[in-house]
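The values are calculated or read from the model by the stated rules, or taken from the named source; none is laboratory data. Everything numeric in this text was worked out from a predicted model, so none of it was measured. Heads up, the Cβs are rebuilt from the backbone with ideal geometry, glycines too, and the neighbour counts pull from every protein chain shown. These accessible areas exclude ligands, DNA and RNA; they are computed on the full protein's heavy atoms, side chains included. Shrake-Rupley method; radii C 1.70, N 1.55, O 1.52, S 1.80 Å.
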Amino acid sequence: MDMGFPDFAPTLLRRSSLYNLNKFRNLSVSASSIPSSSSDFPKKAGEGEVRVRFAPSPTGNLHVGGARTALFNYLFARSKRGKFVLRIEDTDLERSTKESEDALLRDLSWLGLEWDEGPGVGGEYGPYRQSERNSLYKQYAEKLLDLGHVYRCFCSNEELEKMKEIAKLKQLPPVYTGKWATATEDEVQGELAKGTPYTYRFRVPKEGKLKINDIIRGEVSWGLDTLGDFVIMRSNGQPVYNFCVTIDDATMAISHVIRAEEHLPNTLRQALIYEALGFSMPNFAHVSLILATDRSKLSKRHGATSVGQFREMGYLPQAMVNYLALLGWGDGTENEFFSLQQLVEKFSIDRVNKSGAVFDLTKLRWMNGQHLRSLPPEELIKLLGDRWKTAGILTQAEGTFVMEAVELLKDGIDLITDADQALSNLLSYPLYATLASPEGKTVLEDKLSEVASSLLAAYDSGELKVALEEGHAGWQKWVKGFGKSLKRKGKGLFMPLRVLLTGKLHGPDMGASVILLHKAGTCGVIPPQVQFITLEEKFKMLREVDWEGLNKDQPHLESAVVVSH
C-alpha cells in the first residue's frame, strides 16, 4: 500500500530554521491548534468521524487496567457512532508472543468488545500489527531527516553512559548533549563511510513549553528543556515506541487517544513528532490508574489482575464489564447495574474521574452474583447444570433435579465456581461433626434424641416419605403435624429437624432441601464417587447413634466424628 507523505513544509520547522528552533518559547498543540490539510493522512477519515484505538502489547495477559482502557475506548466509539480500532504493538520482538496476542483477542471477545478494524477483521488503515509496518516507520523517519527535524547520532553506548554520569554529578536531567546535533555534513559522511552504527535522534527545541488540553486532566504542560533530543530509530533499524505510536495514530486517522495516565509523559515526544510532520493532533484523554485497596498501583502481588484469571475463577463477562466501567466513571445516578448496551447509551468521557479508582474484589464478587442471578432462568440452569456435570457432581446437566437445585442454591452462588461447593454441601451429611461443634452441642442437649425417635417413627410408618413425594405442600402439612405432636415450633422444631435430616445447622430452605435430597436418592443423578448418603442411609445412621453416650461423654463424640468422616 502506498502510504505517501503530507505535501507541506510547515513554517515553524522548515529546514532553513534548523538551528533556530529554540526561539519558539511556547509551543501549544491541541486538536484544534494545528490546521488540517487534505494531505494530513494517507487515508482521510470522514469529517468529524470518531476513531479510537486500543493498542496492547502482546507480552503477557490482558490486565484489568488495559481491559478498562479498551472498554472506555469501545464505549466512546459506540456512543459517538465511531470506529473502535484494535492495533497490536508488537515491536518488542523478544517479549511479544503469538500466544499472548491470541489471549488478548480471546479476552476482548469474551468481554464483548468487538473491534471494527484490526487483526482478524481487517480494514483500510492496516496492517494492524506494528511488526508489519516497519517500512512505513522508515519512510517517515527519512522524511523527518530530510526536513531537518531528525539527525543521525553516531554516539556509542559508552559515550551516552558518560553523558548520563556527568549530568547526574551536575544534578541535571539525563538529557542528550552530544555533538551530532550540530555535526557538519563532512563529519556525518565520514562516519557513514566507516560503517559506524547510528540512531535517528529528534531535534528538540531547547527552550519553551509544550501544552496540551487533556479531556480528563485539563491543561497539561511540559518544559522542553527537560527532554533532550530523543531517539526515534535504533541503530538496528527498529523504531522506538513513541515514534511508532505517533505514526500509527496519525496514519490510522485516530481522532481521540484514550489511554492510561502512565502514558501522559509520552505525549510530549509524540506531540513534537505530530507537529514536525504536520499531522493533526488527536484529542487526548488520560484515565487514572487502577489502585489496590492499599492505594498502591494494582499488581500481581495483590492477587488476580488479568481478565483471563477472572474468567477462570468463574466471573461473568457482563459483571466484569459493568464493574470495570464503574472504576472512575458513573452516570450521575445511584444506579450501579448496567448492561454493555446500557453503558453505550449512558457513557460520556466527560464523566470519567481523574483520580485513581480502587479495585475492590469483594464488590466485584458481589456484583457478579447479582448479574448471575439476573440471567434468564434457562441460561442460569444450563450454566450451572453444565458446571455440575463437568465437575463430576452430577451425571446429567439438565432435568427436574438440576432445575430445583439451581432454584434452591442460586442465592448462595456469586461465582459459577461457587456452584460446586454449594451442591456438594447440600449433598453432604456431616452429622457427627455438627454435633461436636459448640452450637451443635446446644441442639443435642435440647432433647435431640426425642426428636430423632419421633422422626424415625414417622419414617418407618411411611408418612414422611409420602409427604416428601407430595412436594412442598406435603412437607408443610407433615411438619406442622409433627411439631404439634412434639409440642415444638419455630427454632425448637426446625433446628433439630435440620440437623437430623441434613446433618447441618444452617443452609437454604429446609423443606426444599429435604425434598431435593429425597429426590437425589431416587432419580439416579448422583454418581457413586460423590459418596452421597441417601435418606434411607441417614435413618440407618440415626438408629445407630448412642444418644445417651453423646450427651454424657464428649470424648465418645469426638471419636464418632472421626468415624463419620
HN-Hα couplings for the stretch 167-177 via Karplus (6.51, -1.76, 1.60; θ = phi - 60°), in whole Hz with x for Gly/Pro, come out as 4, 5, 4, 8, 6, 10, x, x, 9, 6, 10
Taking Cα atoms, the helix 448-461 axis meets the longest principal axis of the chain at an angle in degrees (rounded to 10) of 80 degrees
A correct Karplus calculation of ³J(HN,Hα) over the stretch 201-214, with 6.51 cos²θ - 1.76 cosθ + 1.60, θ = phi - 60°, whole Hz and x for Gly and Pro, returns 10, 7, 7, 9, x, 8, 9, x, 10, 10, 10, 10, 10, 8
The answer for GluC sites (Glu not before Pro) in the stretch 262-350 that fall in a DSSP coil and have at most 12 neighbouring Cβ atoms within 10 Å is Glu334
Residues meeting the amide H criterion for Phe284 (H placed from the backbone, H to H distance under 5 Å, 5 or more places apart or on another chain) are Ile215, Val257
So for R0 = 25 Å, FRET eff. of Thr400-Gln370 from the Cβ-Cβ r, to 0.05, ends up at 0.40
Ranking Arg81, Arg217 from most to least accessible area with a 1.4 Å probe gives Arg81, Arg217
Ordered by number, the GluC sites (Glu not before Pro) in the stretch 508-557 that occupy a DSSP loop and have at most 13 other Cβ atoms within 10 Å are none
Of every hundred units of 1.4 Å-probe accessible area on the chain, the number belonging to carbon and sulfur atoms, as a percent, is 50 percent
Under a 1.4 Å probe, counting only protein heavy atoms, Lys491 has an accessible area in Å², nearest 10, of 150 Å²
Here, trypsin sites (Lys or Arg not before Pro) of the stretch 152-187 satisfying both criteria (DSSP loop; at most 14 other Cβ within 10 Å) are Lys170
Note: Leu505 to Lys540 extended length (0.36 nm per residue) minus current alpha-carbon separation gives 10.6 nm
Partner aspartates and glutamates whose C-alpha sits under 14 Å from that of Lys504, ignoring same-chain residues fewer than 8 away, are Glu439
Output ordering of 420-433, 56-69, 370-383 (per-residue mean of other Cβ within 10 Å, highest first) is 56-69, 420-433, 370-383
For the chain, dividing by residue count, accessible area per residue (probe 1.4 Å) in Å² works out to 48 Å²
Computed, not fitted: 222 nm per-residue ellipticity of the chain from DSSP H runs ≥ 4 (each -39500 (n - 2.57)), nearest 500, equal to -14000 deg cm²/dmol
Measure of exposure for Cys244: accessible area at 1.4 Å probe, Å² rounded to 10, is 0 Å²
Scoring the stretch 339-439 by relative contact order with C-alpha pairs under 8 Å, at least six apart, yields a percentage of 24 percent
Flagged as over-length at 18 Å C-alpha distance, from Lys491/Lys519; Lys465/Lys540; Lys80/Lys346; Lys441/Lys484, the pairs are Lys491/Lys519; Lys441/Lys484
Probe 1.4 Å, all chains present, heavy atoms only: Tyr151 accessible area in Å², nearest 10, is 10 Å²
With 0.36 nm assigned to each residue of separation and the Cα-Cα distance removed, Ser79 to Glu378 gains 104.5 nm
By the mean-Cβ-within-10 Å protection proxy, highest first, 349-357, 90-98, 208-216 rank as 208-216, 349-357, 90-98
Sorted by chain and number, the residues with a modelled amide H under 5 Å from that of Ile393, at a separation of 5 or more or across chains, are none
The helix 491-502 Cα axis meets the longest alpha-carbon principal axis of the chain at an angle in degrees, between 0 and 90 and rounded to 10, of 80 degrees
Among (1) -0.35, -0.60, -1.23; (2) -0.27, -0.49, -1.22; (3) -0.49, -0.70, -1.14, the value of log10 I(q)/I(0) by the Debye sum over Cα atoms at q = 0.06, 0.08, 0.12 Å⁻¹ computed for this structure carries the label (3)
Taking only protein heavy atoms and a 1.4 Å probe, the highest-to-lowest accessible-area order of Trp366, Trp388 is Trp366, Trp388
Amide H proximity to Lys83 below 5 Å, modelled H, separation 5+ or other chain, gives Val50, Arg51, Val52
Relative contact order as a percentage, the chain, C-alpha pairs under 8 Å and 6+ apart, gives 14 percent
Taking a label point 7 Å from the Cα of Ser355 along Cα-to-Cβ, the residues of the stretch 195-221 whose backbone nitrogen sits under 17 Å from it are 216-218
Cβ-Cβ cut-off under 12 Å around Gly228, Lys and Arg +1, Asp and Glu -1: the net charge is +3
Karplus ³J(HN,Hα) for the stretch 337-351 (6.51 cos²θ - 1.76 cosθ + 1.60, θ = phi - 60°; Hz, whole; x = Gly/Pro) runs 10, 9, 7, 4, 5, 5, 5, 4, 5, 8, 5, 9, 5, 5, 9
Sorted list, accessible surface of protein heavy atoms, 1.4 Å probe, largest first, for Glu101, Glu463 is Glu463, Glu101
The size of the Cβ-based charge dipole (Lys, Arg +1; Asp, Glu -1) of the chain about the Cα centre, to the nearest 20 debye, is 1160 debye
